[in-house]
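Enquirer: I have a structure here, written as structure tokens, and I will follow up with some questions on it.
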Amino acid sequence: MTAYDIIDAKKRGMALSEEQIRFFVRGIADGSVSDVQIAAFCMAVLLRGMTDGECFVLTDAMTRSGEVAPRPNFTGICADKHSTGGVSDSTTLVLVPVLCALGVRCAKYSGRGLGHTGGTLDKLESFKGFNVNLSAEQFERQVEKIGGAVAGQTNSTVPADKRMYAVRDVTATVDSIPLIASSVMSKKLASFADVILLDVKYGDGAFMHSPADAEKLARLMVSIGRKAGRKMCAAVTCMDSPLGDSIGCNAEVREAVAVLKGKKNDLAKLSLFHCEKLASLALGISEAEARARAEESIASGAALKKLAEIVEAQGGDVRAVYDESLLPLAKHCEVIRAPGSGRLKISALALGKACCALGGGRQKEGDEIDHSVAILLKRRAGDPVQEGETVAEVYYNKREEDALASARGAFEIVQTYEPQPLVYSYIGEED
């Protein structure tokens, strides 16, 4: 058996055997398969597809290419949530403390931002000193002691996926549904979460542009997780316009704290939707009761207190939870005004790219992020506006004309606006 034979078989549309897939993944991990061969394999999968069975074996092989965290001995259900990425999506910063306040342990491994999508780890580092590089032992102890932890996975976790993704990123094969599913789920299955919710985005600011493709991806990932013995659910959600009212690390942390203090908007709505589903599955209670408990944890201040505990436990400046001046915005501000009168249409992708180009995001792996760069929405998509009315404010330290032009171009005036539902579909335990 050779890598060449496996690539050739997939190129011809043949289903690969378990032995072939595991052989190829071992070669990715140990370096015996070259980057060129990985690229050819990924392109063959993109063009020819994979069966659900092949996807499961590929996911399992990538999961086992590195360290897999064993289930700890402590009692209680551990939950995790994964989003496929978007703009102003800070649901993790709301969801984790709410669930912890309800007694649901959260073992949350997150990632960094790249391109127009923000990363949870970058946002948490807005709390000065916050340590996202916990060892497996530190991560487990914190989940046991205070109910939750949010950290990055170690270099020894899913090394085959890390190498494959680096190749996919430069060979136009990122948008393969089987490869997306196996990449996401290999990282989720390397953790010890018992219940996993997947938030699969579609629309202007998402990798999946159509809800049908997003649902196809969601169902495949749910199927993989269930075959691995996890409780799974998934929501297909819209990312045509930014989820929250703030874009940029410090600004998004400010907004997440505001939601934990009772602010109502789409970020709050989707965060509570996810809390309702996860708490219901983890605690064995009705969704209505789970929703009521989640709302009470915010009203009572318990969820905000839990965020402070997590920040403090991971070395962050806990004062910033209660004092937003410690999460400053950049020194220069440009006001964006409505280019006409009518209904407002907002491009999540354009604003995400603008924030990134101003330094608030990462254009390539390893770039430093300016946490103070921000775009604050003053009006939401679908709102009626008058020409010249303020629709957003852009905060920056280094002026980039192309980025500012992109931000201005994100706002369009239409006469009729038909919003997509925030949650397009939900795949529950019975589905």
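Enquirer: Hey, can you tell me all the residues within the stretch 217-232 that are part of a helix (DSSP H, G or I) and open to solvent by 30 Å² or more (accessible area, probe 1.4 Å)?
Expert: Arg219, Ser223, Arg226, Lys227
Enquirer: Could you go through the stretch 143-158 and let me know if any residue there is open to solvent by less than 60 Å² (accessible area, probe 1.4 Å), within 23 Å of Tyr202 (Cα to Cα), at pLDDT 90 or above and touching a Ser or Thr at 6+ places or on another chain (Cβ under 9 Å).
Expert: So far as the stretch 143-158 goes, no, none of its residues is open to solvent by less than 60 Å² (accessible area, probe 1.4 Å), within 23 Å of Tyr202 (Cα to Cα), at pLDDT 90 or above and touching a Ser or Thr at 6+ places or on another chain (Cβ under 9 Å).
Listed here are the residues, each with its yes/no results for (1) of a type in the set (S, T, N, Q); (2) under 17 Å from Thr173 (Cβ atoms).
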residue: Asp8; (1), (2): no, no
residue: Arg12; (1), (2): no, no
residue: Ala15; (1), (2): no, no
residue: Arg48; (1), (2): no, yes
residue: Phe56; (1), (2): no, no
residue: Gly76; (1), (2): no, no
residue: Ser88; (1), (2): yes, no
residue: Thr91; (1), (2): yes, no
residue: Pro97; (1), (2): no, no
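Enquirer: Which one of Asp323, Asp317, Asp240 is among the acidic types (Asp, Glu), at pLDDT 95 or above and either touching a Phe, Trp or Tyr at 6+ places or on another chain (Cβ under 8 Å) or more than 22 Å from Ile369 (Cα to Cα) (or both)?
Expert: Residue meeting the stated conditions: Asp317.
Enquirer: Do any residues in the stretch 374-400 that are more than 11 Å from Ile247 (Cα to Cα) have Cβ atoms under 8 Å from those of residues that are of a type in the set (Ser, Thr, Tyr) and part of a strand (DSSP E or B), where the two are at least six apart or on different chains, and which pairs are they?
Expert: Lys378/Thr390; Arg379/Thr390
Enquirer: Sort out which residues of the stretch 110-136 are open to solvent by less than 20 Å² (accessible area, probe 1.4 Å) and among the aliphatic types (A, V, I, L, M), and write them in order of number.
Expert: Listed by number, the residues that qualify are Leu121, Leu124, Val132, Leu134.
Enquirer: Within the stretch 15-31, which residues are in contact (Cβ under 8 Å) with a residue 24 or more places away in the chain and part of a loop (DSSP other than H, G, I, E, B)?
Expert: Passing the criteria: Ala15, Leu16.
Enquirer: Scan (1) open to solvent by 20 Å² or more (accessible area, probe 1.4 Å); (2) outside any helix (DSSP H, G or I) for the single condition Ile375 breaks and write down its number.
Expert: Every listed condition holds for Ile375 apart from (1).
Enquirer: Here's something else I'd like to know. Would you pick out the residues in the stretch 1-14 that are touching a helix residue (DSSP H, G or I) at 6+ places or on another chain (Cβ under 6 Å) and open to solvent by 50 Å² or more (accessible area, probe 1.4 Å)?
Expert: Met1, Lys11
Enquirer: If you don't mind, there's one more thing I want to ask. Scan the stretch 403-429 residue by residue and report those that are of a type in the set (S, T, N, Q) and closer than 24 Å to Lys353 by Cβ.
Expert: If the condition is that a residue be of a type in the set (S, T, N, Q) and closer than 24 Å to Lys353 by Cβ, then Ser406, Gln420 are the ones that fit.
Enquirer: Of the conditions (1) farther than 13 Å from Leu102 by Cα; (2) free of Cβ contacts under 8 Å to residues at least 40 places away in the same chain, Glu276 clears all except one; give me its number.
Expert: Single failed check for Glu276: (1).
Enquirer: Identify, by number, the condition in (1) under 22 Å from Ala206 (Cα atoms); (2) touching a Lys or Arg at 6+ places or on another chain (Cβ under 8 Å); (3) open to solvent by 40 Å² or more (accessible area, probe 1.4 Å) that Glu389 doesn't meet.
Expert: All conditions pass for Glu389, except number (1).
Enquirer: Please state which of the following conditions Gln37 fails to meet, knowing it meets all the rest: (1) open to solvent by 20 Å² or more (accessible area, probe 1.4 Å); (2) part of a helix (DSSP H, G or I); (3) in contact with a helix residue (DSSP H, G or I) (Cβ under 6 Å, 6 or more places away or on another chain); (4) within 29 Å of Glu140 (Cα to Cα).
Expert: Failed condition: (4).
Enquirer: Do you know which residues across the stretch 327-385 are basic (Lys, Arg) and at pLDDT below 95?
Expert: Correct list: Lys353, Arg362, Lys364.
Listed here are the residues, each with its yes/no results for (1) closer than 25 Å to Arg399 by Cβ; (2) touching a Gly at 6+ places or on another chain (Cβ under 8 Å).
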position	(1), (2)
Leu278	no, no
Ala290	no, no
Ile310	no, yes
Pro328	yes, no
His332	yes, no
Cys356	yes, yes
Ile369	yes, yes
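Enquirer: Can you confirm whether Val184 is closer than 30 Å to Arg48 by Cβ, surrounded by fewer than 21 Cβ atoms within 10 Å (Cβ to Cβ) and of a type in the set (A, V, I, L, M, F, W, C)?
Expert: No.
Enquirer: I've got another one for you. May I ask you to list the residues in the stretch 189-216 that are open to solvent by 10 Å² or more (accessible area, probe 1.4 Å) and outside any loop (DSSP other than H, G, I, E, B)?
Expert: Once the filter is applied, which keeps residues that are open to solvent by 10 Å² or more (accessible area, probe 1.4 Å) and outside any loop (DSSP other than H, G, I, E, B), the stretch 189-216 yields Leu189, Met208, Pro211, Ala212, Asp213, Glu215, Lys216.
Enquirer: Further question: Counting only residues that are over 17 Å from Gly248 (Cα atoms), of a type in the set (Gly, Ala, Ser) and either in a loop (DSSP other than H, G, I, E, B) or open to solvent by 10 Å² or more (accessible area, probe 1.4 Å) (or both), how many does the stretch 89-109 have?
Expert: Summing the residues that are over 17 Å from Gly248 (Cα atoms), of a type in the set (Gly, Ala, Ser) and either in a loop (DSSP other than H, G, I, E, B) or open to solvent by 10 Å² or more (accessible area, probe 1.4 Å) (or both) in the stretch 89-109 gives 2.
Enquirer: Separate question: Can you tell which of Gly76, Gly86, Gly53, Gly66 is outside any loop (DSSP other than H, G, I, E, B), touching a residue at least 12 places away in the same chain (Cβ under 8 Å) and not hydroxyl-bearing (Ser, Thr, Tyr)?
Expert: Exactly one of Gly76, Gly86, Gly53, Gly66 is outside any loop (DSSP other than H, G, I, E, B), touching a residue at least 12 places away in the same chain (Cβ under 8 Å) and not hydroxyl-bearing (Ser, Thr, Tyr), namely Gly53.
Enquirer: OK, next. Given the criterion closer than 21 Å to Ala149 by Cα, touching a Lys or Arg at 6+ places or on another chain (Cβ under 8 Å), open to solvent by less than 60 Å² (accessible area, probe 1.4 Å) and of a type in the set (A, V, I, L, M), identify the matching residue among Ala235, Ala302, Ala279, Ala308.
Expert: Ala279
Enquirer: Is it the case that Glu252 is buried (at least 24 other Cβ atoms within 10 Å of the Cβ), in a helix (DSSP H, G or I) and among the acidic types (Asp, Glu)?
Expert: yes
The values are calculated or read from the model by the stated rules, or taken from the named source; none is laboratory data. Values in this document were obtained by computation on a predicted structure and should not be read as measured data. Heads up, the Cβs are rebuilt from the backbone with ideal geometry, glycines too, and the neighbour counts pull from every protein chain shown. Note: areas computed on protein heavy atoms with side chains; ligands, DNA, RNA excluded. Shrake-Rupley method; radii C 1.70, N 1.55, O 1.52, S 1.80 Å.
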